[in-house]
Structures are given as C-alpha cells and as structure tokens.
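Have a look at the structure below, then the notes.
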Amino acid sequence: MVKLLINGKTREFDLADDVPLLWALRDEAHMTGTKFGCGMGLCGACTVHVDGVATRSCLLPIASVSGKKVTTIEGAASLPAGRAVQAAWLAKEVVQCGYCQSGQIMSATALLLQNRNPSDSDIDAAMSGNVCRCGTYQRIREAIKEAAASPLLKGA
C-alpha cells in the first residue's frame with residue numbers, strides 16, 4: 001500500500017511501487033485532469049506538483065512520492081497562485097484545443113509559487129518542455145504576467 005496526500009486528502013493505492021503516478025491518478029483515483037501525452041516526460045501534459053514543484057507524473061514511480069504532498073489540476077484552485085493562473089488563462093483566452101493546458105497551468109502555478117515577478121526568461125525556463133501543439137505560447141506568457149500581477153497573490 002502506498003499512501004499519498006493528493007489535493008489535501010490522504011489516498012491509499014494498492015499498486016506496484018513502480019506504477020507511474022499518472023496512472024494511479026487517472027485509473028485508480030479517477031482524476032483525469034492530468035493528461036497522458038508522450039509517456040517520456042517531454043511534453044508536460046502530465047505535470048503535477050510534488051511538494052510544490054512542477055513534476056512530470058508519467059515517469060514518476062508512485063512509491064517515490066509516498067508521504068509527499070501531490071497537487072493536481074483538480075486541486076490547483078486551492079492555491080492563490082492556481083486561482084490567479086486559472087483566471088488569467090480565461091481572461092487571455094489561452095486555450096484552443098486544451099489538451100496541454102492542465103500541465104501548462106500546473107507549471108505556471110509552480111513558477112508563481114517560487115517567483116511572484118517572473119521575467120520573460122524566467123517564464124521561458126519554467127515553461128520549457130510544456131508543448132502546446134496549438135502554439136498559444138504568447139498568450140501563455142501574457143497570462144502568466146497577468147496572474148503575477150493579480151490581487152489574488154497579494155499577501156499569499
């Protein structure tokens with residue numbers, strides 16, 4: 001049994017230690033917001049937070065996160081930075097097809113948890129490896145800047 005704290009709730013999984021966190025979330029916890037993209041940790045669609053750090057869940061063995069705090073896109077709004085990013089995503093109309101967006105939002109939220117005033121190069125570095133087939137990168141950058149200036153982050 002592996003115990004995880006997911007979005008503030010303790011969950012137990014009776015899975016082999018090497019099962020990727022992504023499949024525990026999607027298949028066992030029925031949290032399908034985290035997407036499977038490439039299965040090699042290259043596209044970012046599977047990004048979640050592990051102890052506040054953006055992490056690719058498709059390659060991460062479930063046993064390696066035992067006892068750690070996992071936040072998925074379903075729990076992003078529980079964080080002021082997550083709420084700010086989601087509001088900015090809507091305001092800037094970032095989403096086209098939407099497949100990559102949960103990973104994009106999780107990476108952007110992790111950035112703002114670490115850096116409340118990111119430069120373009122900070123944004124580029126944090127978002128590197130999050131692939132958007134629709135090419136909404138400019139709107140993503142604008143949304144991150146808007147989220148960084150959000151009153152939701154003041155005093156958070």
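Observations on the structure shown:
- Over segment 2-72: Kirkwood hydrodynamic radius from C-alpha pairwise inverse distances, Å: 11.7 Å
- Cα-centre dipole for the chain with unit charges at Cβ (Lys and Arg positive, Asp and Glu negative), debye to 20: 360 debye
- When each of K35/K154; K92/K145; K9/K154; K3/K68; K35/K145 is checked by Cα-Cα distance, pairs over 19 Å: K35/K154; K9/K154; K35/K145
- Long-range tail of P(r) for the chain (Cα pairs > 20 Å, %): 45 percent
- Neighbour-limited loop hits for trypsin sites (Lys or Arg not before Pro), segment 52-133 (at most 12 other Cβ within 10 Å; DSSP other than H, G, I, E, B): R133
- Isolated cysteines in the chain, defined as those with no second cysteine Cβ under 4.7 Å, comprise C97, C100, C132, C134.
- The chain - mean residue ellipticity at 222 nm from DSSP helices (-39,500 (n - 2.57) per run, n ≥ 4, rounded to 500): -9000 deg cm²/dmol
- Segment 99-125 and segment 1-80 have Cα centres separated by 18 Å.
- Percent antiparallel among DSSP beta bridges (both partners in the chain, rounded to 5): 85 percent
- Signed unit charges on C-beta, dipole axis of the chain, positive-most listed residue A24, G41, A125: A125
- Taking the C-alpha atoms only, the angle from helix 101-114 to the longest principal axis of the chain is near 80 degrees.
- Karplus-based coupling profile of segment 56-66, in residue order and whole Hz: 7, 8, 6, 10, 8, x, 4, 5, 6, 10, 4, with θ = phi - 60° in 6.51 cos²θ - 1.76 cosθ + 1.60 and x standing for Gly or Pro.
Every number in this text was worked out from the coordinates using simple rules, so none of it is lab data. Everything numeric here is computed off the predicted structure, so don't read it as measured data. Here the Cβ is made from the backbone with ideal geometry for all residues, glycine too, and neighbour counts use every protein chain on show.
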